[in-house]
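One structure below.
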Amino acid sequence: MGYKTVLTIVADSDLSHSALDAAIEVARREDAHLDILCLGVDRTQTGYYYAGTSAMILQETLAQAQKEAADAESAVNERMAAEGAKWSCESAVAQLAGVSYIVAQRARFADLVVLPKPYGPKRGIEDEAAVEAAMFSGQAPVLIAPGEVVVPKRIMIAWNESNEALSAVRAALPLLTKADVVNVAIIAPPEHGPDRSDPGGMLSQMLARHGVHVEVSILSKTMPRVSDVLNRHAQDISADMMVMGAYGHSRVREAILGGATRNMLENAEIPVFMAH
């Protein structure tokens with residue numbers, strides 16, 4: 001079974017800030033329907049002004065958000081006019097607090113959500129909210145596309161035996177079965193774990209029964225951050241895509257202290273397929 005509904009979100013009329021091109025490529029390759037949500041976001045927080053001002057500001061900022069959504073929709077319609085892929089586009093407006101709900105409602109019925117990196121230049125708090133809403137409330141896998149998405153022929157799995165990592169592997173099976181080789185990367189496996197004599201063995205067996213060509217790499221934690229070790233290994237093996245579980249720790253903890261998920265979302269150089 002492949003991905004038959006792909007969702008992406010556009011929040012700017014400058015489409016280079018979105019992952020639309022990557023979503024088009026994925027939808028075309030999977031013969032999927034591409035759902036495009038053009039989102040206008042009211043980033044103000046009303047309620048902190050003298051009487052009467054909040055309503056005035058709300059009306060003005062809401063009108064601006066509506067214009068942004070309409071401009072984004074126009075840009076998308078122009079971009080998609082020449083595309084042969086199956087697609088549909090709708091616009092919506094929300095305040096920051098409502099972004100998660102709108103995204104989650106769309107993501108619930110998508111097989112895959114394609115989004116840009118949520119951190120960095122031209123990125124806002126709504127980008128982070130969209131990623132988290134798709135994975136948690138929407139319960140959909142998310143493909144973070146920092147740039148062009150090529151047909152992944154060499155995929156790397158960041159494996160740590162967690163439920164999140166296994167969920168990501170299961171959700172990525174349509175991609176894994178089409179790859180030439182899948183590299184299971186394990187950083188410093190525990191000496192007393194259930195797979196201590198054969199790290200990654202059970203996962204490799206499961207994937208092999210799906211016809212996946214699997215290889216296992218045992219990595220030492222030679223760098224302070226797990227994400228740095230994974231990124232370096234991805235470069236060493238020329239991986240086209242990485243598959244990993246997301247938010248093994250709480251989102252609050254990762255937001256404050258950092259973690260593999262947040263660091264990867266900040267520094268990913270290749271597409272990263274994530275699921276929780």
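The values are calculated or read from the model by the stated rules, or taken from the named source; none is laboratory data. This one's a predicted model, so the numbers in the text were calculated from it and none came from an experiment. Reconstructed Cβ throughout: ideal geometry from the backbone, glycine too, with neighbour counts over all protein chains shown. Quick note on the areas: whole protein, heavy atoms, side chains included, nothing else; ligands and nucleic acids left out. Shrake-Rupley method; radii C 1.70, N 1.55, O 1.52, S 1.80 Å.
Points to keep in mind about this one:
- When the C-alpha to C-alpha distance is required to be over 25 Å, the pairs from Lys122/Lys153; Lys86/Lys122; Lys4/Lys178; Lys178/Lys221; Lys4/Lys122; Lys122/Lys221 that qualify are Lys122/Lys153; Lys86/Lys122; Lys178/Lys221; Lys4/Lys122; Lys122/Lys221.
- Antiparallel %, DSSP beta bridges [both residues in the chain], to 5: 5 percent
- Under 5 Å, built H, 5+ apart or other chain: amide partners of Leu112: Thr5, Leu7
- Springs between Cα atoms under 10 Å define the GNM used for the chain, and in it the highest mean-square fluctuation of Gly124, Gly259, Gly40 occurs at Gly124.
- Solvent-accessible surface (1.4 angstrom probe) belonging to Lys4, in square angstrom, nearest 10: 110 Å²
- Solvent-accessible surface of the chain, taken per residue with a 1.4 Å probe and all protein chains present: 48 Å².
- Segments 114-120, 81-87 sorted - mean Cβ within 10 Å per residue, highest first: 114-120, 81-87
- Sulfur and carbon atoms: percent of accessible area, the stretch 84-229 [1.4 Å]: 51 percent
- Put simply, when 157-167, 228-238 are sorted by average Cβ atoms within 10 angstrom per residue, most first, you get 157-167, 228-238.
- Here the sum of -39500 (n - 2.57) over DSSP H runs of 4 or more residues, divided by the residues of the chain, equals -12000 deg cm²/dmol at 222 nm, to the nearest 500.
- Once C-alpha pairs closer than 8 Å and six or more residues apart are averaged by separation and normalised to the residue number of the chain, the relative contact order reads 19 percent.
- Packing rank of 172-179, 6-13, where each peptide gets the mean count of other beta carbons within 10 Å, highest leading: 6-13, 172-179
- Cα gyration tensor category, rounded, prolate or oblate, for the stretch 88-187 with a/c compared to 1.5: prolate
- Charged-residue dipole, Cβ positions (Lys, Arg, Asp, Glu), the chain about Cα centre, Debye nearest 20: 520 debye
- Zone residues, the stretch 19-43, relative to Ser137, backbone N less than 20 Å from point 7 Å out along Cα-to-Cβ: 35-43
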